[in-house]
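The values are calculated or read from the model by the stated rules, or taken from the named source; none is laboratory data. Keep in mind the model is a prediction, meaning the values are calculated, not measured. Note that we place each Cβ from the backbone using ideal geometry, even for glycine, and neighbour counts take in every protein chain shown. These accessible areas exclude ligands, DNA and RNA; they are computed on the full protein's heavy atoms, side chains included. Shrake-Rupley method; radii C 1.70, N 1.55, O 1.52, S 1.80 Å.
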Protein chains: 2
Amino acid sequence: MKRVGPGTRSILPALILTATGACMLNAQSNTPLNIMPLPAKVERGDGSLKIDASFHIAFAGYREPRLEHAGLRLERQIQRQTGLVILHANKSAGPATLEVTTDRESKAIQELGEDESYKLDVTPTGAKLHAANPLGTLRGLHTFLQLIAITPDGFSVPALHIEDRPRFPWRGLMIDSGRHFIPLDVIKRNLDGMEAVKMNVFHWHLSDNQGFRAESRKFPRLHEQGSDGLFYTQEEIRDIVEYARDRGIRVVPEFDMPGHSTAWFAGYPELASGSGPYGIERKWGIFDPAMDPTDEKTYKFLNEFIGEMARLFPDQFFHIGGDEVNGKEWDANPKIQAFMKARHIKNNLELQAYFSGRVQDLVTKHKKAPVGWDEVLVPGVSKTIVIQSWRGVDSLAAAAKMGYRGILSNGYYLDLGWSAARHYAMDPLGGPAAALTPEQKQLILGGESCIWSEYVNAENIDSRIWPRNAAIAERLWSPDGTTDVASMYARMDTESTRLEWLGLTHRSFQRVMLQRIAGSWTPAEFDALRALAQALEHQKDYSREASAGNPPTSLTPLNRLVDAVHPESEGSRRFSVLVDQFVGSSCKDSTVGAQIRAELQEWTSIEDRLQPLAQRSHLVKEAAPASSALSQAAKIAMDALDAIQKGAPLPADQKKIQLDSLNALEQQAHKSQLTLPELPAFQKLVEAASAGGVCTK
Amino acid sequence: MKRVGPGTRSILPALILTATGACMLNAQSNTPLNIMPLPAKVERGDGSLKIDASFHIAFAGYREPRLEHAGLRLERQIQRQTGLVILHANKSAGPATLEVTTDRESKAIQELGEDESYKLDVTPTGAKLHAANPLGTLRGLHTFLQLIAITPDGFSVPALHIEDRPRFPWRGLMIDSGRHFIPLDVIKRNLDGMEAVKMNVFHWHLSDNQGFRAESRKFPRLHEQGSDGLFYTQEEIRDIVEYARDRGIRVVPEFDMPGHSTAWFAGYPELASGSGPYGIERKWGIFDPAMDPTDEKTYKFLNEFIGEMARLFPDQFFHIGGDEVNGKEWDANPKIQAFMKARHIKNNLELQAYFSGRVQDLVTKHKKAPVGWDEVLVPGVSKTIVIQSWRGVDSLAAAAKMGYRGILSNGYYLDLGWSAARHYAMDPLGGPAAALTPEQKQLILGGESCIWSEYVNAENIDSRIWPRNAAIAERLWSPDGTTDVASMYARMDTESTRLEWLGLTHRSFQRVMLQRIAGSWTPAEFDALRALAQALEHQKDYSREASAGNPPTSLTPLNRLVDAVHPESEGSRRFSVLVDQFVGSSCKDSTVGAQIRAELQEWTSIEDRLQPLAQRSHLVKEAAPASSALSQAAKIAMDALDAIQKGAPLPADQKKIQLDSLNALEQQAHKSQLTLPELPAFQKLVEAASAGGVCTK
């Protein structure tokens, strides 16, 4: 292992930052480090390494094409981040800016738990990255990229010493390509994003009721009749696997069974437990169709199918789904009932356990370890299985106690629209898992964020994943003391910008969607629409479906304001911070008060400013309840601010009326499937303005 | 030919719109038609055709893969423009929304002057497109796309009848891949943009002093040593040719010779007239190196090279450049001087004519017609040549009088940063060409916009081409009476939005570049930077080079504010319209006055608001002269507005001081290579505010 030599050490300041303190200032440098996820250990040095057109990278030690590719990507990315012209072909002159030493190869097929650690030393004369294998090198290169910052004198990397390794070995993102097809280029740019935040598992949900997305040559009617023509060819899948491997990311395919499988039956109805006819499901929800667990033909089919897919996906793990079987087709099928009776299978849970066991055997036979959702954990199931918990940390801890490996996804469902802070607070080793023995804790491999795609398509998926996924990535990589939410947000905002250089569209998608919604506009009209979109969020959890008059389907256009807003409004987050500051100052801070007033003025005016657009565009008209709710709610907050600043407290009955109005306005926004994230801050202002409130004393 | 049947005709209103009036309102519909370029003839009907998820297109008559591709692209583009889910695989049900009839095939290799006409009929029950051949069909499909608009009830196309054909057969865009390499995907999205505005020639400038960008298998050192590794493989070139053909676009390659050829000599110095050594040129300008026109080896080489490229590029035309030879290497080479003496070649112009003639013979031998810049037109040159005029309409008209075909590029240089209106005013048949005979006018084939890439790279090239190129496209397609500038701008703004759906980045590039320039920021700081960028333009013509302290080279980063501003500021254009309205109302229109005041307030505050960023980022600091100039100039305009609204006219001496100050501030902005496009409007306000001005009477 490479050690930090005395020459480097000598310039390091005594101050050793803890992981969460890496963005704190130190005496030598007043630039916070915008690394995300935060490294295990950072020591700041003096001075900085200039990054200019002479930049080049050199590789020593173990070499392989993957490292060359990573070097080229690093150069390209530096060019994008800085705009410098770095000619790869002309880099012979002078010593390398970044010297990379890799000790040895990693496994040919990337495995769970391989060493991903690295050390990075930056001095004003050069940078050195050292890792045991290419996986660590890949991680360290992205830390280096994140350190490049603009300064008054050009671009540079601050001098420092980093020693870093992940907390969990399984740090994944699941993308649901079943419900909405997600094109190849979108998958690729999300793999780029995963690499940037050091995630290492791409869990690819490839089949569901609404679509079967992988080409099968053995059973071509799966993709031909189950996908509306929207599927990945085997060549494309191999391309993705290779693309991911280049970035140190494993690809775990999921073929959900025995439920969530209607799309299989469009081409192969004989697999189902009912009599059909079957076609691609267009609605969202849990449906009756399920594979027939009692027919040997099913297992013959699955044996061949799993064999084919096991060859296509080299990873050691193979996800078989197993969630949400309602059992209705089983109940209704006399042959299945007879089978259960003959085998003394008491209920559908046991029948599913029987099915799961048979499928796990097939997966094992094809040299893979199975992964399944919570439901696959039944008494007696083989210890080879990995449990992916969507139900909660409790079941994960319970599984670990029984000796099963698990990964956490509960709390990491990105489609629910939670704040980054709320995801960040979820810890795979939190709750009951905290009480596990060290050996049991080892069984908790990490976690996976999930983006289920009912309301997600190629256009808005990036915005539903990023930047919040970076907070989850940090939870899974950084030491467990990394819990400073303000620091997380500051670094996430910066990372969000960097992710755009990788081609992700989580910010840029909005303007073009709003242009479609507006159709044509004056600048003032468009400003109002943008201000509206940036002040709102889509409804949380599954409440959006409850609000929809006509339940949406997979054919419902995702072209509405609800599809164009961010899950977590940056503007609203900043406004809430301002209100907290203001109320915290007993409403004495008039500078902050003025900022709050300016924001409220903008929001109160939106309803009127949008009128002309609402008359021309059905998509703006549809959002009218929300724009009206925002403007009226902001007016209530403005009245509260006036009351505070005039020293005229709201009487108790008035306070109640205002709070009730705010709640009613929130309900009104739901008509557009939107929510007012400023509501708690507005409520605080009303409380503060009320007789006896903190600002009225 | 398909005729408009009485059933369709009967619903058409009597009002027949002229070409330039197509965006005027009529009684039946208050929606202007945002078609660009404007069709030759438009008749509005009653009602509209709904566009929803059931949309599908059917092809009748002649069929070919190119039409199928166009149909798929149309569907995809409708999905992007509307967000509707249109399942190509599921389109069997019901009658086609758009029925396309194509009579017969076009030429296997697209030729100059093929029929591109089409007729489009839209009624509330369906649309019919009819064309003689696939080229006309492609043009008509894009007109249909442009007609899709959002309404209070959904998306629809207004009922109408269009008969359309181009005014000129050669409507091109030249992209300079020599000075900066332009990646393949950037070329492709620009071809998409060209198709959208009905341009039909992609002129690909593939070699220059700073780079040789096409793979040659016969002479591999051309690209290996002349490109820094940045070149197009032959496979990629074939891909582009096919991609362009799919869109009805010819690809004319240009290999500039005998000058502009330093990059050739990096690998093949024996072609040059000097003794070298030669390497890729990094500076901009006109340089001495030129091919040796006296050595038979040169022609042997060019014969083989042109033969290779003639096979790679199927188009009938082959561009040999021929511009800007300074002759210094010829003067300095005794062998060349001896050759001239022996052959009675009196000067370098004649020597170049000799070279040109030889090269034209080679091009002709390889079954191509040559194209060259103005300079190739010398007495006796073959009539097969097409003259591309960069010097002006005069030389084009003169060439036509001598019987030479020509295309206009003077006035269409997009890199000069002119306004769309200024390009729009240039007409290939304007000036002296207006006096040509009809036969001579036929020789003027059209025109080509050009983007020379000294200050253009993959990141900002779209913004330098679009949307202004749409105005040039309209000049070359639409009838010669199409000259309403306000209509052009209104439609160009809409087309600019549509071009984004094709993937062009002419608007989206700016925010990411500004984020790089800022580094890190508060929202208020970033708003100030964006407001600054949107108020400024880069210097026009070639004055930017004059302003640069260190002359830029091909290695100079294009990461500065000057690289991130738009060539034509939309905000400034709107502001100028406001000022004209205000002054036109004798400054009585207080609503407009308030809008002007709000804009000026924003600009006056920018300098202060940017201070914190300027202290953190060298790229913001560098723009400080321009931000200060804008704020101070806006302050002068604000003082004028105050004077007007207070009824206190500026005395004559004060007026002069203010106007002088404005000019000085413009000079100050040049230090950042930027210009203040608001200056004329500011001057108008000062004039209006002065004693005796229109607003002080």
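Things worth noting here:
- For the stretch B:417-438, taking the residues that are within 22 Å of B:VAL456 (Cα to Cα) and without any contact (Cβ under 8 Å) to a residue 60 or more places away in the chain, the one that is surrounded by the fewest Cβ atoms within 10 Å (Cβ to Cβ) is identified as B:ARG422.
- Test: residue in the stretch A:255-275 that is within 22 Å of A:HIS69 (Cβ to Cβ), at pLDDT 95 or above and open to solvent by less than 10 Å² (accessible area, probe 1.4 Å): no
- Looking across the stretch A:483-503, the residues that are under 11 Å from A:GLY193 (Cα atoms) and either touching a Gly at 6+ places or on another chain (Cβ under 8 Å) or surrounded by fewer than 19 Cβ atoms within 10 Å (Cβ to Cβ) (or both) come down to A:LEU499, A:LEU502, A:GLY503.
- B:GLU163 being touching a residue at least 12 places away in the same chain (Cβ under 8 Å), of a type outside the set (Val, Ile, Thr) and in a helix (DSSP H, G or I): no
- Subset of the stretch B:133-168 that is among the hydroxyl-bearing types (Ser, Thr, Tyr) and over 24 Å from the mean Cα position of the chain (by Cα) - its residue that is least open to solvent (accessible area, probe 1.4 Å): B:SER156
- Test: residue in the stretch A:114-130 that is open to solvent by less than 10 Å² (accessible area, probe 1.4 Å), of a type in the set (A, V, I, L, M) and under 23 Å from the mean Cα position of the chain (by Cα): no
- Qualifying residue in the stretch B:376-388 (condition: modelled with pLDDT of 95 or more, polar (S, T, N, Q), open to solvent by less than 30 Å² (accessible area, probe 1.4 Å) and in a strand (DSSP E or B)): yes
- Residue that is open to solvent by 10 Å² or more (accessible area, probe 1.4 Å) and in contact with a helix residue (DSSP H, G or I) (Cβ under 8 Å, 6 or more places away or on another chain), where the choices are B:GLN234, B:GLN210: B:GLN234
- Lone unmet requirement of (1) open to solvent by 10 Å² or more (accessible area, probe 1.4 Å); (2) within 14 Å of another protein chain (Cβ to nearest Cβ); (3) assigned to a loop (DSSP other than H, G, I, E, B) for A:ASP480: (2)
- Entry remark, the stretch B:515-555: residues being open to solvent by 30 Å² or more (accessible area, probe 1.4 Å), outside any helix (DSSP H, G or I) and within 11 Å of chain A (Cβ to nearest Cβ) number 6 in total.
- Selection of the stretch A:546-589 for residues being of a type in the set (Ser, Thr, Tyr) and without any contact (Cβ under 8 Å) to a residue 24 or more places away in the chain yields A:THR556, A:SER585.
- Screening A:SER631, A:SER605 for residues that are hydroxyl-bearing (Ser, Thr, Tyr), over 28 Å from B:ILE78 (Cα atoms) and within 14 Å of chain B (Cβ to nearest Cβ) leaves exactly one candidate, A:SER605.
- Flag if A:ARG391 is in a loop (DSSP other than H, G, I, E, B) and not aromatic (Phe, Trp, Tyr): yes
- Options A:ALA471, A:ALA458; residue that is within 14 Å of chain B (Cβ to nearest Cβ) and of a type in the set (Gly, Ala, Ser): A:ALA458
- Residue within the stretch B:581-594 that is open to solvent by less than 40 Å² (accessible area, probe 1.4 Å), more than 21 Å from B:MET513 (Cβ to Cβ) and within 14 Å of chain A (Cβ to nearest Cβ) present: yes
- Answer from A:LEU650, A:LEU630 - the residue that is on the phi < 0 side of the Ramachandran plot and under 30 Å from the mean Cα position of the chain (by Cα): A:LEU630
- Pairs, first within 11 Å of chain B (Cβ to nearest Cβ) in the stretch A:484-511, second of a type in the set (Val, Ile, Thr), C-beta under 6 Å, six or more apart: A:GLU500/B:VAL512
- Some residue of the stretch A:609-627 being away from every other protein chain (no Cβ under 14 Å), surrounded by fewer than 21 Cβ atoms within 10 Å (Cβ to Cβ) and farther than 16 Å from A:SER690 by Cα: yes
- Considering the stretch A:606-678, the qualifying helices (runs of 4 or more DSSP H), each wholly inside and each with 3 or more residues that are more than 20 Å from A:VAL562 (Cβ to Cβ), run over A:624-646, A:652-670.
- For the stretch B:267-274, the criterion of being without any contact (Cβ under 8 Å) to a residue 24 or more places away in the chain and within 14 Å of chain A (Cβ to nearest Cβ) is met by none of the residues.
- Any chance B:ALA564 is at the interface with chain A (Cβ under 10 Å from one of its Cβ atoms), in contact with a Leu (Cβ under 9 Å, 6 or more places away or on another chain) and open to solvent by less than 30 Å² (accessible area, probe 1.4 Å): yes
- Test: residue in the stretch B:430-445 that is touching a Lys or Arg at 6+ places or on another chain (Cβ under 9 Å), modelled with pLDDT of 95 or more and within 26 Å of B:ARG574 (Cβ to Cβ): no
- Within the stretch A:389-412, tally of residues that are within 13 Å of A:GLU448 (Cβ to Cβ), open to solvent by 10 Å² or more (accessible area, probe 1.4 Å) and of a type in the set (Gly, Ala, Ser): 0
- Only a single criterion out of (1) of a type in the set (Lys, Arg); (2) open to solvent by 20 Å² or more (accessible area, probe 1.4 Å); (3) under 26 Å from B:HIS319 (Cβ atoms) is not satisfied by B:ARG475, namely (2).
- Test: residue in the stretch A:439-447 that is part of a helix (DSSP H, G or I), open to solvent by 30 Å² or more (accessible area, probe 1.4 Å) and farther than 20 Å from A:ASN200 by Cβ: yes
- Failed criterion for A:ALA89 (all others in (1) within 13 Å of chain B (Cβ to nearest Cβ); (2) assigned to a helix (DSSP H, G or I); (3) at pLDDT 95 or above hold): (3)
- Test: residue in the stretch B:99-110 that is in contact with a Lys or Arg (Cβ under 7 Å, 6 or more places away or on another chain) and open to solvent by less than 30 Å² (accessible area, probe 1.4 Å): yes
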